[in-house]
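Reading through the structure tokens given below for one structure.
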Amino acid sequence: MNNAAMLFDYPAGSTPPVVMAPALLGGSFSSVRVSAEACLDGGADVLHLDVMDGHFVPEITFGTKMIAELRAGLRPEAVLDVHLLCNDVDRMIDGFLAAGADVLSFPLETSDNPYRSLEKIRERGCRAGVAILPATPISALEELLPLLDLVVLMTVHPGESRLLPTMFDKLARLHSMVDRSGHRVRICADGGVKRNTIGGLAASGADWMVAASAVFAGNAIAQNIAGLRQDAIAGRQ
């Protein structure tokens, strides 16, 4: 069974639990495994890995070899949420599946055939997601919903950190579309997730929270994750 199964197989019709997904990009690159273990010990549900190729976004980050070694060195139950922020993702999918991704997502614009790419990911027993950029209309997802486990709403411009105010309304509209569809699809907010924003993001419909600096601030990982989770839960009420 895929490690991520329990995060997606909540009872139909119920409110999905909040998932805290620290982005390891916000930790130390000299000791990624140490940062990962600290996040797991601190209550993280998922470890989020942003794969950047230096083209789709300016930075270059994790590759298949690093993720495979991280996978091998972590406790077996750790869930790796791999987000490809790269051009031409179709040729990369096999490599990241082999490296040990439990959840694999990519921006809609980076695949020549997103429907087939999602099929491939699911056929390999991995949970599949697409990312929606700030300017991408949510209507572009409609035909893909039956193949999706996760929608990642980029609440910032890729490579930036400023949360865009219009994303709260976009989250609400995305949540409404998913709810009407009847498909069990989790909604992720990625970018600008902090103590002063996570409640609003949760209230707007996000249930899977990717946070970087807000998790690692002050080297108080457990306290930060607990505070973020508490604020997200409060935002739903």
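A short reminder: the numbers here are calculations on the coordinates, not readings from a lab. If you're wondering where the values come from, they're calculated on a predicted model, not measured in any experiment. So basically every Cβ, Gly included, is an ideal-geometry build from the backbone, and we count neighbours across all protein chains shown.
Numbers below:
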quantity: Cα centroid separation - region 206-226 against region 15-71, whole Å; calculated: 12
quantity: Burial ordering of ASP94, ASP169, ASP45, fewest other beta-carbon atoms within 10 Å first; calculated: ASP169, ASP94, ASP45
quantity: Difference of contour (0.36 nm per residue) and Cα-Cα distance, HIS183 to ARG195; calculated: 1.4 nm
quantity: Positive-end extreme of charge dipole, region 16-236 - chosen from ALA220, LEU97, HIS55 (charges on Cβ); calculated: ALA220
quantity: Fewest-first ranking of VAL215, VAL57, using other Cβ atoms within 10 Å as the exposure measure; calculated: VAL57, VAL215
quantity: Ranked SER35, SER117, SER139, SER176, criterion: other C-beta atoms within 10 Å, fewest first; calculated: SER139, SER176, SER35, SER117
quantity: Spacing of the two label points (7 Å from each Cα toward its C-beta) at GLN237 and PHE8, in nm; calculated: 3.1
quantity: Span-like helix ranges in the chain, DSSP H, alpha carbon extent 15 angstrom or more, Kyte mean at least -1.0; calculated: 167-181, 221-236
quantity: Summed side-chain charge close to GLU109 - residues other than GLU109 whose Cβ falls under 13 Å, Lys, Arg +1, Asp, Glu -1; calculated: -3
quantity: Viscosity 1.306 mPa s, temperature 10 °C, Stokes-Einstein D of region 77-184 from Kirkwood C-alpha radius, µm²/s; calculated: 111
quantity: Dipole moment magnitude, nearest 20 debye, the chain about Cα centre, only Lys, Arg, Asp, Glu C-beta charged; calculated: 420
quantity: Computed label-point distance, nm, for sites ASN113 and VAL34 using a 7 Å Cα→Cβ extension; calculated: 4.6
quantity: Spin-label pair ARG71/GLU123, simplified geometry with 7 Å Cα→Cβ offset, distance in nm; calculated: 1.8
quantity: Anisotropy class of the chain from Cα gyration tensor, a/c 1.5 cut; calculated: rounded
quantity: Calculated [θ] (222 nm, deg cm²/dmol) that DSSP helices of n ≥ 4 give over the chain, each run adding -39,500 (n - 2.57); calculated: -10000 deg cm²/dmol
